[in-house]
Amino acid sequence: MPKSPALRSSLWGLNRARLLTAAIVLAVGALLRFTEAFPYAFGTFAMTVLGGATACLALPLAERRGVSLERIAWFQFGLDAVLITGIVTASGGPRSVFIPLYVLLVVASCFVLSGRGGLVIAGICSLLYVLPVLGRTIVPMLKVGAPSENTALEILTVFMNAGVLLAVAVVTGALAERYHELQQHMEDQRKHLSDLQAFRDLIFESVGS
């Protein structure tokens with residue numbers, strides 16, 4: 001996980017990205033609604049998107065209370081996973097056009113929480129994404145609900161998407177670890193160069209004596 005100054009900068013950057021993403025998602029949903037290509041409950045969808053934008057308040061409020069940045073990061077990524085699941089579920093589940101939001105979340109978590117953290121978030125996203133489909137599929141089989149509306153192809157697509165999220169976490173996590181190693185190496189080199197410059201200045205100052 002990045003050091004505190006870098007982590008804080010990353011979290012605030014993600015807050016801005018979260019607001020921008022919420023605005024884009026809401027605009028796309030409104031456009032689909034206007035063209036009558038959005039056959040789902042737009043009100044629920046809009047409330048979930050606005051909830052994602054409101055979640056940006058968690059960072060400044062938590063910082064005021066002195067909550068550690070690591071806990072804030074885990075809370076925000078977990079909350080994002082839940083909200084994205086709400087958006088996807090409200091916009092058609094396996095037929096939703098907003099499933100790629102999961103990928104963005106997993107990639108961001110790999111760079112902020114390290115590779116293992118990204119894999120954990122990917123696992124949470126996969127589970128949250130699969131559960132609604134499993135619920136609609138298994139419950140009718142137990143004869144305690146309405147018939148399932150998911151076809152075999154849709155169920156297969158859901159599990160393939162969940163697997164892709166885990167694969168993205170593994171690949172991106174490795175790249176993120178390499179990126180952080182390079183950043184640390186560059187920081188060490190800058191410190192070494194600074195020490196050499198200080199030593200050089202000391203030599204020049206001592207020439208007169």
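The values are calculated or read from the model by the stated rules, or taken from the named source; none is laboratory data. It should be emphasised that the depicted structure is a prediction, and the values quoted were computed from it without experimental measurement. Because the Cβ atoms are built from the backbone with ideal geometry, glycine has one as well, and the counts that use them run over all protein chains shown. These area figures cover heavy atoms from the full protein model, side chains too; ligands, DNA and RNA do not enter into them. Shrake-Rupley method; radii C 1.70, N 1.55, O 1.52, S 1.80 Å.
Among (1) within 25 Å of Val120 (Cβ to Cβ); (2) of a type in the set (S, T, N, Q); (3) modelled with pLDDT under 85, which single condition is Thr54 missing?
For Thr54, the failing item is (3).
Determine, yes or no, whether Phe159 is surrounded by 17 or more Cβ atoms within 10 Å (Cβ to Cβ) and modelled with pLDDT of 80 or more. Give the steps one after another, and end with the answer.
Working: surrounded by 17 or more Cβ atoms within 10 Å (Cβ to Cβ): no; modelled with pLDDT of 80 or more: yes.
When the stated conditions are applied, Phe159 does not pass them.
Of (1) without any contact (Cβ under 8 Å) to a residue 60 or more places away in the chain; (2) over 29 Å from Val170 (Cβ atoms), Gly78 satisfies all except one. Which?
With (1) without any contact (Cβ under 8 Å) to a residue 60 or more places away in the chain; (2) over 29 Å from Val170 (Cβ atoms) applied to Gly78, the lone miss is (2).
Out of the residues in region 37-67 that are more than 19 Å from the chain's Cα centre (by Cα) and among the small types (Gly, Ala, Ser), state the one that is surrounded by the fewest Cβ atoms within 10 Å (Cβ to Cβ).
For region 37-67, the residue satisfying everything is Gly66.
Could you check region 85-98 and list, in sequence order, the residues that are assigned to a helix (DSSP H, G or I) and open to solvent by 30 Å² or more (accessible area, probe 1.4 Å)?
The answer is Thr89, Arg95.
I'm trying to understand the selection: among the residues of region 7-25, which are free of Cβ contacts under 8 Å to residues at least 60 places away in the same chain and either touching a strand residue (DSSP E or B) at 6+ places or on another chain (Cβ under 7 Å) or open to solvent by less than 50 Å² (accessible area, probe 1.4 Å) (or both)? It would help to see each step written out before you state the result.
If we filter region 7-25 for residues that are free of Cβ contacts under 8 Å to residues at least 60 places away in the same chain, which is where we start, we get 9, 12-13, 15-16, 19-20, 22-24.
Residues satisfying the conditions are Gly13, Asn15, Ala22.
Can you say whether Val82 is in contact with a Ser or Thr (Cβ under 7 Å, 6 or more places away or on another chain) and within 18 Å of Ile121 (Cβ to Cβ), as far as the supplied structure shows?
The answer is no for Val82.
Given the criteria assigned to a loop (DSSP other than H, G, I, E, B), open to solvent by 50 Å² or more (accessible area, probe 1.4 Å) and out of contact with any strand residue (DSSP E or B) (no Cβ under 7 Å at 6 or more places or on another chain), does Val82 qualify?
no
Let me spell it out: the conditions are (1) of a type in the set (A, V, I, L, M); (2) closer than 19 Å to Tyr129 by Cβ; (3) out of contact with any Asp or Glu (no Cβ under 9 Å at 6 or more places or on another chain); (4) open to solvent by 20 Å² or more (accessible area, probe 1.4 Å), and Leu101 meets all of them except one. Which number is the exception?
(3)
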